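Data block below; observations after.
Each value in this text was obtained by applying a stated rule to the coordinates, not by laboratory testing. Note that this is a predicted model, so its numbers are computed, not measured. Here the Cβ positions follow ideal geometry from the backbone for every residue, glycine too, while neighbour counts run over all protein chains shown.
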Amino acid sequence: MPARDGDRVVTEVLVIGSGAGGATIARTLAELGHDVLILEEGHRVPNARYGGSPADAFSTFYRNRGMTPIMGPIPIGFVEGACVGGSTEVNSGFWHRTPAETLIRWNAVYGMEDVGPDAMEPHFAWAEEALGVGPFEGVLPPSTQVFQRGAQAMGWASKEVPRTAPGCRESNVCAMGCPTGAKQGMSARMLPAAEAHGARLLSSCRVEAILHKDGRATGVLAVMRDRTREGGRSKDAMSWVRIEAEHVFVCAGPTQTPALLRQSGITFHVGNTLAIHPMLKVAARFPEPMDADRHVLPLLQVREFLPEITLGGAFFSPGHLAMLLADGGPDSLDTMLEARHMATYYVAVRGTGTGTVRPSLLRNGGARLRYTMSSSELENLGRGMARLSLLLLRAGALEVYPGIVGAPVIRTEKEAGRSLDGRLDRSRVAATTVHAFSSCPSGEARERCAADSWGRVYGFENLRVADASILPDSPGVNPQGSIMALARRNALHFHDAAA
Ligand SMILES: Cc1cc2nc3c(=O)[nH]c(=O)nc-3n(C[C@H](O)[C@H](O)[C@H](O)COP(=O)(O)OP(=O)(O)OC[C@H]3O[C@@H](n4cnc5c(N)ncnc54)[C@H](O)[C@@H]3O)c2cc1C
């Protein structure tokens, strides 16, 4: 194990990050016979810690304990994973192929080659087979049934979204790590398959700099953390390790990849185009019990307004509900007594604003994120919030609590309809997101892209990006499918070119 100062470690392919992109690259290349080393900043979380309390989960699985603000005129709460498996360990597992229209736009506007629906089909199919993507196998829970009822009453097309959770047992703790192993985070099968083919995975190892010379990446400098216990207290011992590599794939996610590249002096179109799906959550109270904390999260999405607006179901826990209700002021908190009758939903919009990622000025490995919502995003959020409220009222909700600070509870269609013209008070929007991408866009259009169609960083022979960063712009649907399919395609292209 390369773990001490001064050790010299050499690998053919170095993969930085073990999330959706990194695990796909590692498995594909290891199976094709390449020598692969994965470096992952986060810890390998033992099975027993999956499905624990939210407080434990935030410190175990998430970056910055789940508190990463995106600054800007409207601040946005962002969370991402930082553990073996990355954000896939805590995501909800909803799976979409990239819409055909999006793929066509990526080709036409960014010059991304070989990305049409037909070309991408085998890569989606591979990932879906690997993760067991499919519909929920049990009875649809009450929070899904009412959502379906509301969508039908409004005459809007809705559909169950397949998930990466074959045999889901409705533990309802996706965001704290699936304790039954049904949800296919990358640590479940993808990374073990890579390791079975000889890939090595070093966890608790954060890359601090990519070393490069004359357009070639030569390796990385990383910090290893060894956690030891002394006198009942845990202590981190740190040591530097230098790793030499023939090829480097940066898969550190949409915020850390551009921060790391920039910190290493690689800046061409890097970190200038962060995109997100801004999201507003709502809670609804129904006459009948929902028992949302004992069921899988609502499984349907309204497709009527895609790709600009998505209405869907959100992860539920009493803690998450309390945070949402707190936006409505102290009076709303009494509603916690009705938690059994409540479920949470969201409106998400296709990001058309602009954001940046820069390394922290503290040089502590963090990233500074900024995002300015466009006026069309804000309008779509307002319109989406109004539509979601109408749907929930038609579904039988007695009250709808919007994720807007100080906003009154919505009880009638007239009250819900007030934002149908898209007006929202921007100073009160309590926006969040778990979907970020496009911080190193990929395509042949050099005037706007950081990497070529296959993720190779411009100006470098052997440095590639393969994670959410390379999505040229917002896909308008949950992004994991797009990330994995592109990573698979790029790994195969790399292999063919190397052969
Ligand atoms: C709560 C939540 C729910 C979500 N729900 C869904 C969903 O239902 N469907 C969907 O499609 N998407 C969902 N997503 C988003 C999806 O999980 C991410 O878009 C996807 O995992 C991003 O893949 P990635 O490879 O870019 O980054 P990640 O999967 O986040 O992996 C990046 C990895 O790199 C590591 N890393 C970072 N910096 C370094 C460094 N310097 N050195 C070493 N390692 C480093 C990180 O620790 C991390 O493990 C959700 C996300 C969250 C947080």
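Any idea what % of Cα-Cα pairs in segment 169-249 are farther than 18 Å?
Within segment 169-249, distances greater than 18 Å cover 65 percent of Cα pairs.
How would segment 1-124 be classified by its alpha-carbon gyration tensor: rounded, prolate or oblate, with rounded meaning a/c under 1.5 and the a/b versus b/c comparison settling the rest?
Oblate shape, in that a/c is at least 1.5 and b/c is the bigger or equal ratio.
Find the relative contact order for segment 48-186 and round it to a whole percent, using C-alpha pairs within less than 8 Å whose residues are 6+ positions apart.
Once divided by the residue count of segment 48-186, the mean separation gives 33 percent.
For the chain, what is the calculated [θ] at 222 nm in deg cm²/dmol (nearest 500), taking -39500 (n - 2.57) for each run of four or more DSSP H residues and dividing by its residue count?
Only helices count here, giving -8000 deg cm²/dmol.
Taking neighbour counts of Cβ atoms within 10 Å as a proxy for exposure, in what order, fewest first, do Val434, Val248 appear?
Val434, Val248
Distance between the C-alpha centers of segment 217-282 and segment 141-205? Whole Å please.
If you average the Cα positions of each part, the centres end up 25 Å apart.
What order, most packed first, do the peptides 406-412, 382-388 have when packing is the mean number of other Cβ atoms within 10 Å of each residue?
Ranked from most to least packed, the peptides come out as 382-388, 406-412.
If you line up the long axis of helix 375-394 against the longest principal axis of the chain, both from Cα atoms, how many degrees apart are they, to the nearest 10?
50 degrees
Which whole-number percentage describes the relative contact order of segment 382-457, with Cα contacts under 8 Å and a sequence gap of 6 or more?
Reported relative contact order: 25 percent.
Suppose every Lys and Arg Cβ carries +1 and every Asp and Glu Cβ carries -1, with no other charges. What dipole size does the chain come out with about its Cα centre, to the nearest 20 debye? Provide the component values of the computation, followed by the final result.
Details: 51 positive and 51 negative charges, 199 e Å.
With Lys and Arg at +1 and Asp and Glu at -1, about 960 debye.
Arrange Arg426, Arg394, Arg227 by Cβ neighbour counts within 10 Å, fewest through most, would you?
Least to most surrounded, the residues fall as Arg227, Arg426, Arg394.
If we count every other residue with Cβ under 15 angstrom of Ser18's Cβ, Lys/Arg +1 and Asp/Glu -1, where does the sum land?
Residues near Ser18 contribute 0 overall.
For each of Ser158, Ser482, Ser427, count neighbouring Cβ atoms within 10 Å of the residue's Cβ, then give the residues from fewest to most.
Fewest-to-most ranking of Ser158, Ser482, Ser427: Ser427, Ser158, Ser482.
Give the separation of the Cα centroids, segment 363-439 to segment 289-321, in Å.
Computed from Cα coordinates, the inter-centre distance equals 14 Å.
What is the gain in length, in nm to one decimal, between Arg294 and Ala498 on full extension, counting 0.36 nm per residue of separation less the C-alpha to C-alpha distance?
68.5 nm
If a/c stays under 1.5 just call it rounded; otherwise compare a/b with b/c (prolate if a/b is bigger, oblate if not). Do that for segment 300-350, with a ≥ b ≥ c from the square roots of the Cα gyration tensor eigenvalues.
prolate
Calculate, axis by axis, the spread of Cα positions in the chain along the three principal axes, and write the results as whole Å, longest axis first.
66, 60, 43
What net charge do the residues around Pro402 carry, taking every other residue with its C-beta under 9 Å from that of Pro402, with Lys and Arg at +1 and Asp and Glu at -1?
Counting the neighbours of Pro402, the net charge comes to 0.
Relative contact order for segment 317-380: what is it in percent, counting Cα pairs under 8 Å that are at least 6 residues apart?
Numbers: 52 pairs, mean separation 15.4, N = 64.
Over segment 317-380, the number comes to 24 percent.
Show me 69-75, 347-353, 489-495 ranked by packing, highest mean number of other Cβ atoms within 10 Å first.
347-353, 489-495, 69-75
Taking segment 225-292 on its own, what percent of its Cα-Cα pair distances exceed 16 Å?
Summing the P(r) tail past 16 Å for segment 225-292 gives 74 percent.
Rounded to whole Hz and in sequence order, give me ³J(HN,Hα) for segment 167-184 from the Karplus expression 6.51 cos²θ - 1.76 cosθ + 1.60, θ = phi - 60°, writing x for Gly and Pro.
For segment 167-184, the Karplus-derived couplings read x, 3, 9, 6, 5, 6, 10, 3, 6, 10, x, 6, x, 9, x, 5, 5, 8 Hz, x marking Gly and Pro.
Please list, in chain and number order, the residues 5+ apart from Met373 or on another chain whose amide H is under 5 Å from its amide H, with Hs placed from the backbone.
Ile74
Between Ser376 and Ser239, what is the spin-label point distance in nm, taking each point 7 Å from the Cα along the Cα→C-beta axis?
Roughly 5.4 nm, to one decimal.
Work through the residues other than His320 whose Cβ is under 11 Å from its Cβ and net out their charges, Lys, Arg +1 and Asp, Glu -1.
Overall, the nearby charge balance is 0.
Highest mean first, what order results for 457-467, 164-174 on Cβ atoms within 10 Å? Spell out each step's value before the answer.
On the way: 457-467: 23.0, 164-174: 20.1.
Descending mean neighbour count gives 457-467, 164-174.
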